[in-house]
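Engineer: Take this structure first; my questions come after.
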Amino acid sequence: MPTTHTEKERSELHRRVGERLSEDDHRYTTSRQRLVDALADSTRPLTLPDITKIAPDLAASSVYRNLEMLERAGVVRRINSGGNHAHFELAEPLISHHHHLVCTDCGGITDIHLKDELEQTLVEALNAIAQTHGFKPQDHNLDLHGACALCNEHKPA
């Protein structure tokens, strides 16, 4: 089920992406805008085949090259699930902070959002661990790997 964005939210997203690309001396072309729209409208990270189904007029080779460039520019985040295809989503801070459940059987990825109190506890624990190693953290992401409910249903008892 796609997410809906107001015209103002969509315009702000495109403005921010355009600025980020401009900083890296890249143009924000129509095909890149369509790719950003596909990622923004999804409720989950997408694979290259997912994107070409959503926007069949975009050539897979062009989508892949644009995903790589957008990843280098900090617009897109790649998530490897161990399956045949990497998944892509808009990078933080373009979207809200979240984590993932990654199914190692089917390769599916589900976004999860922690309650603010739990997220704060996690940040504090990670910062304490980092401090003991003289490490200065910038951000974090957490991907839990295992089997999704659908894959668990099909496993023998």
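Engineer: List pairs: first residue in region 51-65 and hydrophobic (A, V, I, L, M, F, W, C), second residue not in a helix (DSSP H, G or I) anywhere in the structure, Cβ distance under 6 angstrom, at least six positions apart or on different chains.
Structural biologist: No pair meets every condition.
Engineer: With (1) within 25 Å of Gly107 (Cβ to Cβ); (2) out of contact with any helix residue (DSSP H, G or I) (no Cβ under 9 Å at 6 or more places or on another chain) as the list, and Asn66 as the residue in question, which single condition is left unmet?
Structural biologist: (2)
Engineer: Further, regarding this structure: Could you grab the pairs with beta carbons closer than 9 Å, sequence gap of 6+ or different chains, first residue in region 6-19 and surrounded by 13 or more Cβ atoms within 10 Å (Cβ to Cβ), second one outside any helix (DSSP H, G or I) and among the hydroxyl-bearing types (Ser, Thr, Tyr)?
Structural biologist: Qualifying pairs under 9 Å: His14/Tyr28; Val17/Tyr28; Gly18/Tyr28.
Engineer: Looking for whichever is crowded, with 18+ Cβ neighbours inside 10 Å and modelled with pLDDT of 90 or more here; the options are Leu48, Leu35, Leu118. Which one fits?
Structural biologist: Answer to the check: Leu35.
Engineer: Let me ask something else. Tell me, please, whether a residue that is surrounded by fewer than 13 Cβ atoms within 10 Å (Cβ to Cβ) and among the acidic types (Asp, Glu) can be found in region 71-81.
Structural biologist: No: zero hits.
Engineer: Take the residues in region 101-157 that are closer than 25 Å to Gly82 by Cα and small (Gly, Ala, Ser), then tell me which one is farthest from the chain's Cα centre (by Cα).
Structural biologist: Ala157
Engineer: A further question follows. Sort through Asp139, Asp105 and tell me the only one that's of a type outside the set (S, T, N, Q), assigned to a loop (DSSP other than H, G, I, E, B) and touching a Cys at 6+ places or on another chain (Cβ under 9 Å).
Structural biologist: Asp105
Engineer: What residue, of Ala73, Ala157, Ala128, is at pLDDT 90 or above and not assigned by TED's automatic domain parsing to the domain that holds His26?
Structural biologist: Ala128
Engineer: Of the residues that sit in region 134-149 and are in contact with a helix residue (DSSP H, G or I) (Cβ under 9 Å, 6 or more places away or on another chain) and more than 28 Å from Gly107 (Cβ to Cβ), which one is surrounded by the fewest Cβ atoms within 10 Å (Cβ to Cβ)?
Structural biologist: The qualifying residue surrounded by the fewest Cβ atoms within 10 Å (Cβ to Cβ) is Lys136.
Engineer: Shifting gears a bit: Quick check, is Thr4 assigned to a loop (DSSP other than H, G, I, E, B), at pLDDT below 90 and within 22 Å of Gly107 (Cβ to Cβ)?
Structural biologist: no
The values are calculated or read from the model by the stated rules, or taken from the named source; none is laboratory data. Everything quoted here is computed from the prediction, not taken from an experiment. Ideal geometry is used to build each Cβ from the backbone, glycine not excepted, and the neighbour counts take in all protein chains shown.
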